[in-house]
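Take a look at the structure set out below.
The values are calculated or read from the model by the stated rules, or taken from the named source; none is laboratory data. In this text the structure is predicted, and so the values were computed from the model without any measurement. Note: ideal-geometry Cβ built from the backbone for every residue, glycine included; neighbour counts use all protein chains shown. Side chains are part of the model used for accessible areas, which takes the heavy atoms of the whole protein and leaves out ligands, DNA and RNA. Shrake-Rupley method; radii C 1.70, N 1.55, O 1.52, S 1.80 Å.
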Amino acid sequence: MTSLSARLATSGPIDVSLFDSRVTTGFDGDKADAAAAMVTLGEELSDLQERLFAQARAGVGTQRILLVMQGMDTSGKGGIIRNVAGLVDPQGLRITAFKKPTAEELEHDFLWRIEQALPDAGQIAIFDRSHYEDVLIGRVRELVPPEEVERRYEAINDFEQRFVDDGGTVVKCFLHITPEDQKERLAERLADPSKYWKYNPGDIDERLLWSDYAVAYGIALERCSTQTAPWHVVPSGRKWYRNWAMATLLAEALRAMDLQWPGAEYDVEAEKARLRAS
């Protein structure tokens with residue numbers, strides 16, 4: 001059976017505007033079925049993540065996961081953190097939401113702040129936006145010269161390869177929505193006082209550049225989808241499918257690690273006897 005990762009992975013030239021944001025690749029059920037599936041996935045993710053954490057604590061594992069999420073505003077990065085990352089023990093999570101670079105960060109290479117947020121052994125790190133901002137908004141808004149944008153694609157590939165060589169696994173997900181999906185979600189925020197805080201007037205400014213961002217995403221996905229760190233296009237027009245797909249991609253990455261519980265470094269029977277006598 002083909003994995004979801006393989007079905008959603010992309011390579012070569014890509015036009016993101018041609019993808020269907022509401023398709024449910026790999027899932028035959030409906031919203032209710034997905035909710036039930038998430039319960040089962042949650043149990044598995046919790047077990048696998050604890051094994052990953054336990055191995056590092058025991059000093060017998062260096063494996064770690066970096067989950068990169070990119071997408072236009074309202075594509076669901078926050079929802080994934082709540083509904084997918086929330087399924088595992090927060091002790092083993094490291095979540096970073098990358099905003100506009102600070103003055104200090106701008107004094108360094110664009111990857112400097114990314115390196116500070118990488119997961120330690122046994123951790124799952126989640127990037128809400130990432131180093132790809134520097135070839136997306138950097139390209140669209142012309143924040144750096146074109147030759148610097150070109151340099152960054154290769155720098156990103158080298159950076160991700162080093163992470164993989166050091167025991168890491170990279171899961172990169174482009175959360176695909178259409179302009180219509182976004183318009184509907186922005187309207188929902190403006191219609192509900194409890195969601196006003198989620199609305200940013202600047203979202204409209206970026207929305208007006210949608211076609212430019214589509215081109216920038218297509219180039220980034222083509223240039224930086226590698227064998228060791230492929231990009232996945234996750235249809236995100238249906239929130240319930242998006243959450244199931246992201247949970248499944250994370251579960252597949254953890255399964256591939258063949259995680260085992262670390263063995264005891266002491267005589268278990270002797271310790272049982274000592275406990276009984278205490």
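Which trypsin sites (Lys or Arg not before Pro) in segment 204-278 sit in a loop by DSSP (not H, G, I, E or B) and have at most 13 other Cβ atoms within 10 Å of their own Cβ?
On the way: sites: Arg207, Arg223, Arg238, Lys239, Arg242, Arg255, Lys272, Arg274, Arg276; in loops: Arg238.
Qualifying residues, ordered by number: none.
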Compactness index (Cα Rg / 2.2 N^0.38 Å), segment 136-278:
1.58
Fraction of antiparallel bridges per DSSP, the chain only, in percent to nearest 5
10 percent
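Sort the following peptides by mean Cβ neighbour count (other Cβ atoms within 10 Å, averaged over residues), highest first: 160-173, 2-15.
My ranking of the peptides, most packed first, is 160-173, 2-15.
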Determine the principal axes of the Cα atoms in segment 206-278, then give the extent along each, sorted from largest to smallest and rounded to whole angstroms.
73, 29, 19
Between segment 131-185 and segment 11-83, what's the alpha-carbon centroid distance in Å?
18 Å
Please work out how much accessible surface Arg129 shows to a 1.4 Å probe, ignoring ligands, DNA and RNA, in Å² rounded to 10.
50 Å²
Which Rg and Dmax, in Å, describe the Cα atoms of the chain?
20.4, 73
Given the rule -39500 (n - 2.57) for each run of at least 4 DSSP H residues, summed and divided by the residues of the chain, what is its mean residue ellipticity at 222 nm, to the nearest 500 deg cm²/dmol?
-15000 deg cm²/dmol
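Which three semi-axes in whole Å describe the equivalent ellipsoid of segment 1-69, each the square root of 5 times a Cα gyration tensor eigenvalue, listed largest first?
Listed largest to smallest, the semi-axes of segment 1-69 are 30, 20, 10 Å.
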May I ask you to compute the full-extension gain from Asp258 to Ser17, defined as 0.36 nm times their residue separation minus their alpha-carbon distance, rounded to one decimal in nm?
83.1 nm
Evaluate the Debye formula for segment 167-247 with equal point scatterers sitting on the alpha carbons, no solvent, and hand back log10 of I(q)/I(0) at q = 0.12, 0.14, 0.15, 0.26 Å⁻¹, in q order, two decimals.
-0.47, -0.62, -0.70, -1.26
Helix 31-57 versus the longest principal axis of the chain: what angle, 0 to 90°, nearest 10, using Cα atoms?
60 degrees
Are there GluC sites (Glu not before Pro) in segment 195-278 that DSSP marks as loop and that have at most 13 other Cβ atoms within 10 Å, and which are they?
Glu265
Could you give the angle, 0 to 90 degrees to the nearest 10, between helix 210-223's Cα long axis and the longest principal axis of the Cα atoms of the chain?
50 degrees
Could you tell me the distance between the Cα centroids of segment 218-242 and segment 98-115, to the nearest Å?
24 Å
Binned Cα-Cα distances of segment 1-153, short to long, each 10 Å bin given as a whole percent
9, 29, 35, 22, 5
Round to a whole number: what % of the accessible area of the chain belongs to carbon and sulfur, probe 1.4 Å?
51 percent
Test of the criteria: in segment 231-272, which chymotrypsin sites (Phe, Trp or Tyr not before Pro) are in a DSSP loop and have at most 12 other Cβ atoms within 10 angstrom of their Cβ?
Tyr266
How high is the FRET efficiency between Ala97 and Ala277 when r is their beta carbon distance and R₀ equals 45 Å, given to the nearest 0.05?
0.30
